[in-house]
Each structure stands twice: as C-alpha cells, then as structure tokens.
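A short worksheet on the structure shown next.
Throughout, read-outs are computed from the coordinates displayed, never taken from laboratory work. Because the structure is a prediction, the values reported are computed rather than measured. Please note: Cβ atoms are built from the backbone with ideal geometry, for glycine as well, and neighbour counts cover all protein chains shown.
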Amino acid sequence: MKLILDTANLDDIRYFNEYYPIAGVTTNPTILATEGGDVVELLKKIREIIGPFKEFHVQLTETKFDGMIAEAEAIVGLLGKNTYIKIPATDEGIKATKFLSSKGYLITTTAVLSSSQAMIASLAGAAYVAPYVSRLENICEDGVAIVADIQAIFDAAKTDTQVLAASFKTVRQVLSVALTGAGAATVSADVMYKLLEHLTTDRSVAMFEEDWKNAFGDVTLGELIAKTSK
Ligand code: G3P
C-alpha cells in the first residue's frame, strides 16, 4: 500500500518527502485554508518540492460541471503530469469525472462515504476513490469494513480504480486498511510520525550506543575500518 501525505504544510512536505517513502501529497480546500496565503504559489511550491513524478492530489473548488472542467484544466496546466483532480462524489462530480477521465485526466473521487459511491466513481473512470475512514466511524459506521467492501468490489470487477483511503486518526486504522489490500492511504504528518515511532526501538538504539561506547569509546565502526585500510 502506498503512503501519501495529507497536508499542504511546506515544512512537513519537505521533511517527509526527504526522509519517508511517500508516494505524493493530497490536499483539500480545508487543508489549503489551514495554510492560507497565496494558494497558487503554495501549490506550485509543493509540486517543486515533491518533483514532477510523485502524485499530487488537488481538489476542485468549482461545483458545477462547466466550472469544474475549466478548473481541472487550469490545475493540470499549473501543476503538470501526475496531478490528480479530486472531485467529490456528487452528481455534478460524477458527470465531471466521466468527462475528464475520458479525456485522460487522472481523477480521485473524494468524500466517499459508501461502497455504492465508490462503484459509480469507478465506472465513471476514477483512478482512485477516497473513502473517509474516521468520518465514517464518527457516524457509527465501520470505516475499515467499508474500505474492505470497496476493495472487494474493485477486485471482483477487475477494475483499475484503486482505493486511496483517507481521514485517519490512528495507526490501527491505517494498518487495518492496509490489510484490505487498498492501493493507498493518505495520512496527516502526525499519523505518519506515529507509524514509525516506538519507545522500545528508541530504547534499543540508546542501549546499542551505550554498549558500543563502553567497549570502544567515541570512535565509530567506520572510523575503525578507515584506520585499518590505511
Ligand atoms: O484528504 C481529506 C481527508 O483525508 C479528510 O480527512 O481528517 O479531515 O477527516 P479528515
């Protein structure tokens, strides 16, 4: 399962793009509003940081078909290849998805809250559908089970559409979604850190350092090798 970073914060994007194996960045109007400022410059900067090959998912702000098409063209014109147009799973959204996907645009159907929405989006040509795990759980639905249903529907249909699960609050949710065979998950910087951090790992590393220093002092293994090969 690919991991994508769900933020428009440039410091977080720089950090995770350099250190973590992320496949790209997802944004939405709320995420962009959190950063504020010149949003066009912000989007250009994100593309510059992640480079031309990683996925960049940007959501439409237009809600009617004609405006959606023009805005999608403008976004791809600005951000280039590997830019995915996020379109909510609404009537107008599905109409725009059908049209844009037939022209070769990459569409991520977003704000997906049911398997039936995902099925329609896939038939309309979406490259990804993004079910919202925590938002489902907050309305007493089983978010992970719905992701699993969507994945099963896609597997049965042998479609190319992939699941890009979103709206995560916990590491457990991400792992449960990974077990469904979903193609991708997009997570906040906070959840991304938590996927890796472990107190016992930190303790083990500290112990290795202490044992090494007690035996050999401040020298590193690389320095010792360099000395012997002189
Ligand atoms: O990209 C949008 C999706 O991840 C929503 O997340 O946390 O606002 O429910 P959240």
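Points worth noting:
- Peptides 14-22, 84-92 ranked from most to least packed, by the mean per-residue count of other Cβ atoms within 10 Å: 84-92, 14-22.
- Efficiency of FRET from Cβ geometry, residue 10 and residue 73, R₀ 30 Å, rounded to 0.05: 0.70
- Distance from region 1-63 to region 113-192 (C-alpha centre basis), Å: 20
- A helix-only calculation puts the chain at -16500 deg cm²/dmol for mean residue ellipticity at 222 nm, using -39500 (n - 2.57) for each DSSP H run of at least four residues, averaged over all residues.
- In a reduced charge model with +1 at each Lys and Arg Cβ and -1 at each Asp and Glu Cβ, the chain shows a dipole moment near 540 debye about its Cα centre.
- Zone of residue 214's modelled label, taken as backbone nitrogen in region 190-205 under 15 Å from a point 7 Å along Cα→Cβ: 204-205
- Straight-distance candidates among the aspartates and glutamates for linking to residue 95, with alpha-carbon spacing under 14 Å and chain neighbours fewer than 8 residues away dropped: 62, 66.
- GluC sites (Glu not before Pro) restricted to region 163-230 and DSSP loop, no more than 12 other C-beta within 10 Å: 197
- Other residues whose C-beta falls under 12 angstrom from the C-beta of residue 58 contribute a net charge of +1, scoring Lys and Arg +1 and Asp and Glu -1.
- Taking amide H atoms as placed 1.01 Å from N in the peptide plane, the amide H of residue 57 lies under 5 Å from those of 25, 26, 27, 84, each 5 or more residues away in sequence or on another chain.
- Region 82-93 - phi-based ³J(HN,Hα) in whole Hz, Karplus 6.51/-1.76/1.60, Gly and Pro as x: 6, 9, 9, 8, 7, 10, x, 7, 10, 3, 4, x
- Measuring r between the beta carbons of residue 61 and residue 170 and using R0 = 30 Å, the FRET efficiency lands at 0.50.
- Altogether, the Stokes-Einstein calculation at 25 °C and 0.890 mPa s, with the Kirkwood radius of region 1-107 over Cα pairs as Rh, returns a diffusion coefficient of 174 µm²/s.
- Tail weight of P(r) past 28 Å, computed on alpha-carbon pairs of the chain, percent: 38
- Cβ-based net charge around residue 133, under 13 Å, with every Lys or Arg adding one and every Asp or Glu removing one: -2
- FRET efficiency for the pair residue 114 and residue 155, taken as 1/(1 + (r/R0)^6) with r the Cβ-Cβ distance and R0 = 22 Å, rounds to 0.80.
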